[in-house]
Structures are given as structure tokens and as C-alpha cells.
Amino acid sequence: MILSKRLSLAATLLALTGCVGTTGPAADDYYADDFAIEKAAPRKTAPVVRKDAARPVETRAVETASGDSDISAYANAQNSEVGKRISSIAAKLAQINDGIAKNGAAFDALKTQSAREAETYYENVAKIYARLQKGTTPGNPELTAMWKQSAQLLAGADKNMTETAKLSTEAARAKNELDSLLNTATETYMVPGALESDHENLKKVEDDARRSIISLDRLSSEIAAQITRQQQYFSAEKQNIDQLEKEIRNGGMINADHSKAAAPIALNAVSALPEANLTGRRPLMVIRFNKKNVAYERSLYDAVKAALDKRPSTNFEIVAVGSGAADEAEAAKNAEAVRDTLTSMGLPEDRVFVSKTEKTGVKSTEVHLYLK
């Protein structure tokens, strides 16, 4: 009986103790001694986290030609040795892409500068030729000043060509680095201890590297084409600018076979010009010679450049337009001046054709430019 009473008392005490433990820390302290090993792990390794942080680490591609990539996205949550290696590869890829982006921006800037300087150069040269063809004073200071500016622009083209060649070297170096990086990525597949997510991330790195190679190859091709154009432009114009200096000192064209001047249209052979067939055609440009010294060179250059950008192999037809027989000679002379301007800008003579037409109601002679 005594034993029964003791057991009953113990049961009552345990029940009371358990009720208190549900609302206070004593219960945790009580059970902590018996379950220390099992309780320690969840107590220390289950910190409060946001729901979005509890998700697995997302993987996304390194943006090509940009240094803004999230490199850590390639390392898995367990931070394995393979994951660290992938992060290192991705970091190198981002560095290469950043260099590609900077070189691309530098190339675009050089190309824009070259086009702007070439436009001014050809405009100056065309004006100088026009003055020389009419005849001017020997050593004309106005033409001399224009020639000096043109010579400086040509020297700038040589400098731009050197800078562009440096970008070509940088592009070749980046290509070697990308090839080496891809080899490293391939070797990483053989490293033991990788998780499946590691290999998935590795595939993403490889894909990004291959996209970078495609972008780099495109940039390299554009750079090579630009260097070729610059070399042709510089070598041809270097001879012309030297010849032009002599002609300015002379006050006129030294010989009729100038490399940039087309054979002149004889005024007594105007009738031999073919009649233009303009049915269904619209002029690319209309130049009205309603006053002396019409400044058409810049507009002509812009129109021809835009046409050649769209179709590099296109030819051009210059049409002398007058209201009747009385205007034919003047219209032909103006057409000749426009043709000489085009050839002085570097357009081959065999891609420029001249014809004539009559147009009733015109108040002055005109020159129309058509694509042919």
C-alpha cells in the first residue's frame, strides 16, 4: 500500500511538472540533458531564414560581353570543390567578356571617328578639285588651308588604322583565352566529387563561352574588314593628296589624266549623251543650279554613302536636266562637275554613268542622281 501511494504521488508530480513545462523553459532544460546530442543539431543549424533564401541557388548564364554576371550563381549551395572551380571559370569568363565589350566599344568609336573624318576629307578634296578645274591663283591660300586640313585628316586615318590593328591583336588574344577556358571546363567534368548540379552549371558556362566566341568572331571580322578599307583608303589618298599639293601650287590641274578625275564631257558632244530612261524611277538626289557656287558636296556624299551602305555594289547614273536645247551645254557642264565630285570621293569611274533628259517647266538646269 505504501508503494502504491508513492507511485500515485510520483505520477501526480510528473503530471503537474509536465503542465508547467508546456508554458515555460523548464521543460526544455529538463529534456535537454537526456537528448543533448539529438537536440543540438537542429537548434544550431536551423536559423530563421527568408523563404526565398531557403530555395536552392539559381543558376543563370553569364551575360556575354559584359562584366555584370553573377559569378556566385555557378557555385552550388554545398560549395563543393567542383563548385569553386566552376566559379573560378565563370569569373575568368566574365573578365574576358568585359574586355570584349570594351574593345567593341572602342572599335565603334574608332569607326565613327574614321567615317566622320573621311566625310570631311572628301568634302574638302572635292571642293579643291572643283576650284582647280576652273583655274585659280598659284598657291591659293584658301586651297592651301583646306589642303592642310585634309592632310591632317589623312594622318589621323593612319593613326586610327594603327589603333584598329591593336584591337585586332586584343581580339586574337581573347579568342585564345576563350579556347583555353573551354578546355578547362571540359577537364572539369573529370574531377571527382561533383554533384549533378555542378555538371549542369558547367554546361551553362560552356554555352556562355561559346556565345562569347561567336560574338568575338563577329567583332574580329568587322575589325579585319575595317582595316582593309582603311589601308585601301590611306594608300590611294596618300598619292592623291601629294599630287593635290602640287596642283595647288600650280594653280590648276597638272595633267588631264588625274587618277581621280573622269574624262571631261566635251561641250560640243553633248548631243552624244544617251537619253535617260526614267520611267518608274525616282532620283536619289536633285541638285538645282539656280545660283553660283551651289554647295552640294556634303549632301551628295551623304546620299551616296547611304546607298552604298545598303548595297555596296550599286552603280550611279547622273542625268543632266534642262528645259530645252539652249540648256543642254550648261546642264552637261554641271553633270560633269557632279561626276568629278563623285570620283574625287573615291567612287570608281566605271560605276558612274552620265545621260541627259529634257524637263519642261524647270527654271534652271538640274542634275539628278539615280541608282543604276
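The values are calculated or read from the model by the stated rules, or taken from the named source; none is laboratory data. As the structure is a computational prediction, the values presented were derived from the model and not from experiment. Here Cβ is always computed from backbone atoms with ideal geometry, including for glycine, and neighbour counts include all displayed protein chains.
I need the full set of residues from the range 274-287 which are in a loop (DSSP other than H, G, I, E, B) and either exposed (fewer than 11 other Cβ atoms within 10 Å of the Cβ) or more than 37 Å from the chain's Cα centre (by Cα) (or both), in order please. Scanning the range 274-287 gives 274, 276, 277, 278, 279, 280, 282. The requirement of being assigned to a helix (DSSP H, G or I), free of Cβ contacts under 8 Å to residues at least 60 places away in the same chain, assigned by TED's automatic domain parsing to the domain that holds residue 88 and closer than 28 Å to residue 110 by Cβ is not satisfied by residue 238.
Take the residues in the range 149-167 that are in contact (Cβ under 8 Å) with a residue 24 or more places away in the chain and farther than 18 Å from residue 220 by Cβ, then tell me which one is nearest to the chain's Cα centre (by Cα). Explain how you work it out, then say what you get.
Of all residues in the range 149-167, those in contact (Cβ under 8 Å) with a residue 24 or more places away in the chain come to 149-151, 153-154, 156-158, 160-161, 163-165, 167.
In the following step, the residues that additionally are farther than 18 Å from residue 220 by Cβ were identified as 149-151, 153-154, 156-158.
Details: 149: 28, 150: 27, 151: 28, 153: 23, 154: 23, 156: 21, 157: 19, 158: 21 Å.
By that ranking, first place goes to 157.
Residues checked against (1) out of contact with any Gly (no Cβ under 8 Å at 6 or more places or on another chain); (2) surrounded by fewer than 20 Cβ atoms within 10 Å (Cβ to Cβ); (3) under 28 Å from residue 343 (Cα atoms):
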residue: 93; (1), (2), (3): yes, no, no
residue: 99; (1), (2), (3): yes, yes, no
residue: 103; (1), (2), (3): yes, no, no
residue: 118; (1), (2), (3): yes, no, yes
residue: 141; (1), (2), (3): yes, yes, yes
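Going through (1) within 28 Å of residue 115 (Cα to Cα); (2) modelled with pLDDT of 90 or more one by one, residue 321 falls short only on (1).
Right, residue 344: among the hydroxyl-bearing types (Ser, Thr, Tyr) and out of contact with any Phe, Trp or Tyr (no Cβ under 6 Å at 6 or more places or on another chain) or not?
Numbers: among the hydroxyl-bearing types (Ser, Thr, Tyr): yes; out of contact with any Phe, Trp or Tyr (no Cβ under 6 Å at 6 or more places or on another chain): no.
Criteria not met by residue 344.
Would you mind finding the one in 129, 189, 121 that is closer than 18 Å to residue 344 by Cα, more than 25 Å from the chain's Cα centre (by Cα) and aromatic (Phe, Trp, Tyr)? Break it down into steps so the answer makes sense when it comes.
On the way: 189 fails: closer than 18 Å to residue 344 by Cα; 121 fails: more than 25 Å from the chain's Cα centre (by Cα).
None of the other options fit; the residue is 129.
Just one of the listed residues (170, 177) is assigned to a helix (DSSP H, G or I), over 28 Å from residue 236 (Cα atoms) and under 29 Å from the mean Cα position of the chain (by Cα), and it is 177.
Residues checked against (1) polar (S, T, N, Q); (2) more than 25 Å from the chain's Cα centre (by Cα); (3) assigned to a helix (DSSP H, G or I); (4) within 23 Å of residue 115 (Cα to Cα):
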| position | (1), (2), (3), (4) |
| --- | --- |
| 205 | no, no, yes, no |
| 210 | no, no, yes, no |
| 220 | yes, no, yes, yes |
| 226 | yes, no, yes, yes |
| 234 | no, no, yes, yes |
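A count restricted to the range 182-208 and to residues that are out of contact with any Asp or Glu (no Cβ under 9 Å at 6 or more places or on another chain) and in contact (Cβ under 8 Å) with a residue 60 or more places away in the chain stands at 10.
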